[in-house]
1. Of all residues in region 72-107, which are exposed (fewer than 14 other Cβ atoms within 10 Å of the Cβ) and in a loop (DSSP other than H, G, I, E, B)?
2. Starting from region 25-51, keep only residues that are in contact (Cβ under 8 Å) with a residue 24 or more places away in the chain, then list their pairs with residues that are small (Gly, Ala, Ser) whose Cβ atoms are within a distance under 7 Å, requiring at least 6 positions of separation or different chains.
3. In region 22-61, what residues are out of contact with any helix residue (DSSP H, G or I) (no Cβ under 9 Å at 6 or more places or on another chain), surrounded by 13 or more Cβ atoms within 10 Å (Cβ to Cβ) and of a type in the set (A, V, I, L, M)?
4. Within region 130-174, track down each residue that is out of contact with any helix residue (DSSP H, G or I) (no Cβ under 7 Å at 6 or more places or on another chain), hydrophobic (A, V, I, L, M, F, W, C) and surrounded by 11 or more Cβ atoms within 10 Å (Cβ to Cβ).
5. Say we look at region 134-168 and pick out the residues that are charged (D, E, K, R) and part of a helix (DSSP H, G or I); which of these is nearest to residue 84 (Cα to Cα)?
6. Only one residue in 185, 177 is surrounded by 18 or more Cβ atoms within 10 Å (Cβ to Cβ), in contact with a Lys or Arg (Cβ under 9 Å, 6 or more places away or on another chain) and either touching a residue at least 24 places away in the same chain (Cβ under 8 Å) or not in a loop (DSSP other than H, G, I, E, B) (or both). Which one?
Amino acid sequence: MCQKKINIFYNERGFTLIEVLLSIVILSFVMGGMFMFFTNAMTYTSYNQSKTVAVNIARGVVHYMARLDFQTIATYINDHVTQQTPFIRLDASSCSNTSIFPDETVCKAVFSPTVNNVTYDEEDVQAWIIPYDQAIWSEIKTNPPNEFPDELKRTIQQEKEMAEDVSNYLLRLYVTVRSNNEVIVLKGVIANESIR
């Protein structure tokens, strides 16, 4: 029996220059698309990481402020809140105020942390305390102070009115953290020890 040799390649000359160039162009488009995908994914991941860090810093400040002595803070607010400044702004520079903060070192660690080699300072992390006073709240809601960041103004304007008088038991707390030119706002309360 005679076997015939089957030749799969009829043309043994190889690829032409045009075929090689065309395959390189197609491959570069595919690789360019994949490169853009991974670049966008890394940018998105980096953005979300910094936003997560900012939220966690704000949670730490809310937790720290909620554990402070209510009467001490309420007395401080009653002594310092005026019609012109119906709120108290606290940041890392306020940590030396021993009438509010019992331990300056802990306060500075909370208000001025270093996370992933990024140090947040008094311009980045701020706590805003507003008493539960209906007149003050109505004024702040209708005419927010210029000191408030825009995101905090929007958050306050979306808040609902509180009908009950809880000024002896609660203080409004807003924490703002600036990260990547964006302000994260977290709400909380400082509660009287009798209702904790």
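Please treat every number below as a calculation from the coordinates, not as lab data. Note that the coordinates shown come from a computational prediction; the quantities given were computed from them, not determined experimentally. All Cβ positions, even for glycine, are placed from backbone atoms using ideal geometry, and neighbour counts span all protein chains on display.
1. Residues satisfying the conditions are 82, 83, 84, 85, 97, 98, 99, 102, 103.
2. 50/179; 51/179
3. Matches in region 22-61: 53, 54, 55, 58.
4. Hits for region 130-174 are 136, 137, 148, 152, 162, 166, 170.
5. Here the answer is 139.
6. Unique residue meeting the criteria: 185.
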